[in-house]
Amino acid sequence: MRLPLRLALLTLALPGPLAAQEPGECIGHDLKSPDQRIQLLAPTHTWTLYNLGPGQVVIHASSGQSLPGPAPSSEPQPSPFRGETGTSYALSLDGPGLTIVYICPGT
């Protein structure tokens, strides 16, 4: 599966780790350290996540729970994630390495 050119150009134009907030607006992030976290922000608590790899991603909930993130793949499949209202979420690497993650809120 190839991501749309518009999406690729959009991610190149962004200066840092911003999280998309509009449904259907996908933004890519480079994760280079387990200490780096990307907040999942959206008007709804639903996201579609893509992990281009090679690193494994984990989802951290404000409740302290850690959930498995999307599996790394050079041909990533959409990985839907639905959070609970009142809980915030963030993505990070599960260990040393790097990966590229696309976050698509509300899809």
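Residue check: Ser92 meets all listed conditions (1) at pLDDT 90 or above; (2) among the polar types (S, T, N, Q); (3) surrounded by fewer than 16 Cβ atoms within 10 Å (Cβ to Cβ) but one, namely (3). For Gly106, the conditions (1) small (Gly, Ala, Ser); (2) modelled with pLDDT of 85 or more; (3) surrounded by fewer than 17 Cβ atoms within 10 Å (Cβ to Cβ) all hold with the exception of (2). Checked against the criterion of being closer than 15 Å to Ile100 by Cβ and either outside any loop (DSSP other than H, G, I, E, B) or at pLDDT 90 or above (or both), the candidates Gly16, Gly64, Gly53 yield just one match: Gly53.
Results for (1) out of contact with any Pro (no Cβ under 9 Å at 6 or more places or on another chain); (2) over 20 Å from Ile27 (Cβ atoms); (3) crowded, with 16+ Cβ neighbours inside 10 Å, shown as yes or no for each residue.
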residue	(1), (2), (3)
Thr46	no, no, yes
Tyr50	no, no, yes
Gly53	no, no, yes
Val57	no, no, yes
His60	yes, no, yes
Gln65	yes, yes, no
Phe81	no, no, yes
Thr85	yes, yes, no
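The number of residues in the range 64-107 being of a type in the set (Gly, Ala, Ser), within 20 Å of Lys32 (Cα to Cα) and without any contact (Cβ under 8 Å) to a residue 60 or more places away in the chain comes to 7.
The values are calculated or read from the model by the stated rules, or taken from the named source; none is laboratory data. Values in this document were obtained by computation on a predicted structure and should not be read as measured data. Note that we place each Cβ from the backbone using ideal geometry, even for glycine, and neighbour counts take in every protein chain shown.
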